[in-house]
Amino acid sequence: MITLHHLNRSRSQRILWLLEELGEAYKVIPYTRDAQTNLAPPELLAVHPLGKSPMIELDGRLICESGAIVETLCTRYAPGMIPDQSDDAYLTHLELIHFAEGSAMTPILLNLYVSRLGEAGAPLHPRIAGELTNHYRYLNDLVRASGHFVQDTLSAADIMLSFPAEVAIRQERGAEFPALAGFVEMIHARPAYKRALKAGG
Ligand SMILES: N[C@@H](CCC(=O)N[C@@H](CS)C(=O)NCC(=O)O)C(=O)O
């Protein structure tokens, strides 16, 4: 049994989605963001010193970091979601798994935080806006004719990249990045994605 420590409205939603795609038995322990601060509740700190979500428990081991969770779950339950290591696509997979958290989230989070500074943040806006566009364009250009990243069926990278891609669409960048918009439309139409939305509340 897999246990997911799930924070509402968070990057944990993509792990719920993956679990629904896998069809494996799992249990969700829900956590709710503080209504004022929007931060995770202190109960998550009792689980792990970072107090962040997602985290899963698998075979008695707590695993944090979405990338590590997705890689572990796909390797064990859906090896077809990761290209064979002898294929060039495996390197693209590795790049994109790391890109999702290590690169794309930097301008996304900077944009979120700096926008709260109002006029005081204005000197940073052009640089952040430029980097957001740079990262979204890169992703847009990597979407394959099949509508996926890396391979022509759902892969681990699609799960990881769903979050930054959805942010781009929520920021109304769909017309500028139509392939990214198509990717988001495609994943939203998947039955497992819809079940995960319900499960995540
Ligand atoms: N790189 C981590 C990021 C985890 C993370 O920052 N999660 C956010 C939710 S999207 C969180 O728990 N925030 C609550 C808080 O910082 O209080 C991952 O991909 O798992």
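Read the figures in this text as sums done on the coordinates, not as results from a lab. Because the structure is a prediction, the values reported are computed rather than measured. Cβ placement follows ideal geometry from the backbone for every residue including glycine, while neighbour counts extend to all protein chains displayed.
I need the per residue convex hull volume for the range 1-91, using only the alpha carbons, in cubic angstrom as a whole number. Before the final figure, lay out the partial values.
On the way: hull volume 9.8 nm³, N = 91.
Hull volume normalised by residue count: 108 Å³.
Just in the range 106-201: which GluC sites (Glu not before Pro) are loop by DSSP and have at most 10 other Cβ atoms within 10 Å?
Counting only loop positions with at most 10 other Cβ atoms within 10 Å, the GluC sites (Glu not before Pro) in the range 106-201 are Glu172.
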Volume per residue, Å³, of the convex hull around the alpha-carbon atoms of the range 86-184?
-> 90 Å³
Which of Met81, Met160, Met105 moves most in a GNM of the chain, Cα contacts under 10 Å?
-> Met105
Most mobile listed residue (Ile82, Ile128, Ile56) in the chain, GNM with C-alpha springs under 10 Å = Ile128
Label points 7 Å out from Cα along the Cβ direction at Ala129 and Thr3: separation in nm?
-> 4.7 nm
Highest-fluctuation residue, Leu132, Leu94, Leu50 considered, GNM on the chain with Cα pairs under 10 Å = Leu50
Summed side-chain charge close to Ser162 - residues other than Ser162 whose Cβ falls under 13 Å, Lys, Arg +1, Asp, Glu -1 = -2
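Between beta-carbons, use under 13 Å as the cut-off and find the net charge around Gly80, counting Lys and Arg +1, Asp and Glu -1. Could you put the intermediate results ahead of the total?
On the way: positive: Arg76; negative: Glu21, Asp84, Asp87, Asp152, Asp158.
Its environment carries a net charge of -4.
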Inter-part gap, Cα centre of the range 106-177 to Cα centre of the range 182-201, in whole angstrom, is 19 Å
Label-point separation, Ala179 to Asp141 (7 Å along Cα→Cβ), nm = 0.9 nm
Using modelled amide H (1.01 Å from N, peptide plane; none on Pro or chain starts), what sits under 5 Å from the amide H of Ser53, excluding residues fewer than 5 places away?
-> none
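Based on the alpha-carbon gyration tensor of the chain, what equivalent-ellipsoid semi-axes (square roots of 5 times the eigenvalues) come out, in whole Å, largest first? Walk me through the intermediate numbers first.
On the way: eigenvalues 133, 113, 45 Å².
Taking √(5λ) for each Cα gyration eigenvalue gives 26, 24, 15 Å.
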